[in-house]
Ligand SMILES: O=C(O)CCC(=O)C(=O)O
């Protein structure tokens, strides 16, 4: 384990890395890559299940297995459900989202050689479409506007990175109070400010939705395969629709919590980090037991 000798380019950390360092790097850059988050066997099993489920044809749309509106690709097998609370990601999700968070939506992305990029965007903060921030003026979100409560976990099932394509972003952009300049928006990943992090098969990229990010052109002969699980604070939601539990697949208690409706943390939504999850008067409250 490295301790203090990181450079500003470092975003790739190892499993078991010092959490303090991971937290700092995530906060600094707005994203983090965890190397070898999945074993080679886990990657092979997930890819095998994707092969059985016929991904979109070459060159056609790049998303598959989306939810809400059903369980999405969770229905394709237990290994997809086991990614919901995989031990490789839970410590990092916890330091970004606290003890109470939920899965808001998910989808997969596949791309074949020559497929074109997706524009740079962020869902929260100065560059989000709902903020309506004027270009070139400092934007301070009003008190009611949430900025950092969404984290995307993108599992890489095939190699992605510089010279290949995939997820790209402007490191640190989640902190800026200025809207993305139009000149950068126009050239997207060709801007020297945009990086495409190395994300080999088995690694996972975590990023805040306040980060300016996008999809680069896919240049490799192999297919891009990435599974995106989008988590948010328990009291938040992107839509009124929900990801439903897959049929015929047994979920753990913690996975069931992740699929719950939104609720105030601890009061109406239990901690994910407490084994003592107790149903209390129709709601679930951790560490509180019914009387009598
Ligand atoms: O992984 C990618 O290609 C980018 C995903 C994206 O744009 C998003 O999550 O909004």
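The values are calculated or read from the model by the stated rules, or taken from the named source; none is laboratory data. Please read these numbers as outputs of a predicted model, since none were measured by experiment. With ideal geometry, Cβ positions are generated from the backbone for all residues, glycine too; neighbour counts draw on all protein chains shown.
General remarks:
- Of residues in the range 214-225 being closer than 13 Å to residue 156 by Cα and crowded, with 19+ Cβ neighbours inside 10 Å, the one farthest from the ligand (Cβ to nearest atom): 225
- Check on residue 38, surrounded by fewer than 16 Cβ atoms within 10 Å (Cβ to Cβ) and at pLDDT 95 or above: no
- The range 153-170 - residue that is more than 14 Å from residue 111 (Cα to Cα) and buried (at least 22 other Cβ atoms within 10 Å of the Cβ) and, of those, farthest from the ligand (Cβ to nearest atom): 170
- Hits in the range 226-254 (condition: under 29 Å from residue 168 (Cα atoms) and buried (at least 17 other Cβ atoms within 10 Å of the Cβ)): 226, 227, 228, 229, 230, 231, 232, 233, 234, 235, 242, 243
- Test: residue in the range 43-53 that is modelled with pLDDT under 95 and in contact with a strand residue (DSSP E or B) (Cβ under 9 Å, 6 or more places away or on another chain): yes
- The range 64-94, residues that are out of contact with any strand residue (DSSP E or B) (no Cβ under 7 Å at 6 or more places or on another chain) and under 20 Å from residue 22 (Cα atoms): 85, 86, 87, 90, 91, 94
- Tabulated pairs, the range 157-182, first under 22 Å from residue 115 (Cβ atoms), second more than 12 Å from the ligand (Cβ to nearest atom) and in a helix (DSSP H, G or I), C-beta under 6 angstrom, 6+ apart or interchain: 157/43; 157/46; 157/47
- In the range 130-142, the condition of being within 16 Å of the ligand (Cβ to nearest atom), within 17 Å of the chain's Cα centre (by Cα) and either surrounded by fewer than 17 Cβ atoms within 10 Å (Cβ to Cβ) or within 19 Å of residue 225 (Cα to Cα) (or both) is met by no residue.
- Residues of the range 113-129 that turn out to be surrounded by fewer than 20 Cβ atoms within 10 Å (Cβ to Cβ) and away from the ligand (no atom under 14 Å from the Cβ), as a count: 2
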